[in-house]
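Notes follow once the structure below has been shown.
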Amino acid sequence: MREPISPPDLAVTKARSSIQQALAAPASRPLVEAFFDEATFTVSYIVRDSNSSACAIIDSVLDYDAGSGRTSERSADALIAYVRDQGLEVLWQLETHAHADHLSAAPYLQEALGGRLAIGEKIVRVQETFGKLFNAGPDFARDGRQFDHLFRDGEVFSIGGLQAIALHVPGHTPACMAYVIGDAVFVGDTLFMPDYGTARCDFPGGDAATLFASIQRLMALPDETRVFLCHDYKAPGRDVFAWETTIGAQRRDNVHVHQGVDQAQFVTLRETRDRTLDMPKLILPSVQVNMRGGHLPEPEANGVRYLKIPLNTV
């Protein structure tokens, strides 16, 4: 199902204004600390208000070894250590979407640091789809209650003195959100570095035309907007990982969706490429956990938690 969006719109206009204000006032720009997990090529962020101790954590990682079925907290503990060392107060645990390539550490981080766990309100569509796939049963709530807050498109929130705006950017998944915070936007999987392109659209509920429309919303932000990505896989010819760029660089140089590429061209390119891609190695454990807000399934009668592997399904 496609969810066409026609920019510019009220939410994007609000985001543009907020970014322009931040660009004009350095004190209202966030400080951003990145934590890269090379095992899943995921970047987590601590975004802090430069005028207070307030911060948010975006897209945390719970380490998971598929061969042994064991989880660990090395990546999350690095975030905890930074927050405590800097004397920060975590107000939000933000998820850009229900990730298919890593498990969220949000509940573990909440227990240690606090903060409200939030995601986009369309997570209920993801829960409905994957609740059926994994036969999660009637005890699995499909109304988003596993999260403390479900963001609406264009909703304004704050991180200390920082103004933040949630933008709905579906296409990769139906529930994808980008968070505009000061002069920065955290885009999840919607965009990668300009030399790598854009997110895949072949997951349930994904759609290339919808992603194109979502990207146009982001491209309507000011050129100077800092763009922080959830992943980097090092494009051919690039020797180092990278996860920060700008809207201007994306509009000019993105290999899939630079200025001049129309919707039909993008859809053809994206759908052709998606047909060549393998499923992410951790998609089955990741989605089962992330649709629950990062919580592991409840223990069974023997006290052990189990993840399901559906066989011979589409």
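A few notes on this one:
- A Förster radius of 45 Å combined with the Cβ-Cβ distance from Arg252 to Asn302 puts the calculated FRET efficiency at roughly 0.20.
- Computed packing ranks the peptides 33-41, 237-245, 204-212 as 204-212, 33-41, 237-245, most packed first, by mean other Cβ atoms within 10 Å.
- Of Leu211, Ala100, Val61, farthest towards positive along the dipole that unit charges on Lys, Arg, Asp, Glu beta carbons give the chain: Leu211
- Magnitude of the charge dipole, segment 10-280, Cβ model with Lys/Arg +1 and Asp/Glu -1, debye to 20: 620
- Pairs of Cα atoms nearer than 8 Å and 6+ residues apart set the relative contact order; for segment 1-110 it is 21 percent.
- Percent RCO, i.e. relative contact order, over segment 10-280, from Cα pairs under 8 Å lying at least 6 residues apart: 17
- Radius 14 Å from Cβ of Arg273, net charge of other residues (Lys, Arg +1; Asp, Glu -1): -1
- Going from the residue with the fewest nearby Cβ atoms within 10 Å to the one with the most, Lys14, Lys234 rank Lys234, Lys14.
- Protection proxy ranking of 48-56, 144-152, by the mean of other Cβ atoms within 10 Å over each peptide's residues and highest first, is 48-56, 144-152.
- Environment charge at Val124 (Cβ cut-off 11 Å; Lys +1, Arg +1, Asp -1, Glu -1): +1
- Close amide-amide hydrogen proximity is noted between Glu89 and Ala54, Cys55, each under 5 Å apart and 5 or more residues distant or on a separate chain (H modeled in the peptide plane; Pro and chain starts excluded).
- Taking Lys and Arg as +1 and Asp and Glu as -1, the other residues whose beta-carbon sits under 12 Å from that of Leu88 total -2.
- A simple spin-label model places the labels of His295 and His149 2.0 nm from each other, with each point 7 Å out along Cα-to-Cβ.
- Backbone N atoms of segment 209-236 closer than 20 Å to the 7 Å Cα→Cβ label point of Asp262 belong to residues 209-217, 219-220.
- Sorted peptide list for 122-135, 289-302, criterion being average Cβ within 10 angstrom, highest first: 122-135, 289-302
- Placing dummy labels 7 Å off each Cα toward the beta-carbon, the span from Glu224 to Val240 is 2.4 nm.
- Furthest towards positive pole of dipole, Thr268, Leu191, Gly154, structure part the chain, Cβ charges: Thr268
- Distance between the pseudo-spin-label points of Asn51 and Ala66 (7 Å out from Cα toward the beta carbon): 4.7 nm.
- Candidates Gly67, Gly171, Gly197: whichever shows maximal mean-square fluctuation once the chain is modelled as a Gaussian network with Cα springs under 10 Å: Gly67
- For segment 10-280, share of DSSP beta bridges that run antiparallel, in % to the nearest 5: 70
No value in this document is a laboratory result; all are computed from the given coordinates. If you're wondering where the values come from, they're calculated on a predicted model, not measured in any experiment. All Cβ positions, glycine included, derive from the backbone under ideal geometry; neighbour counts span all protein chains shown.
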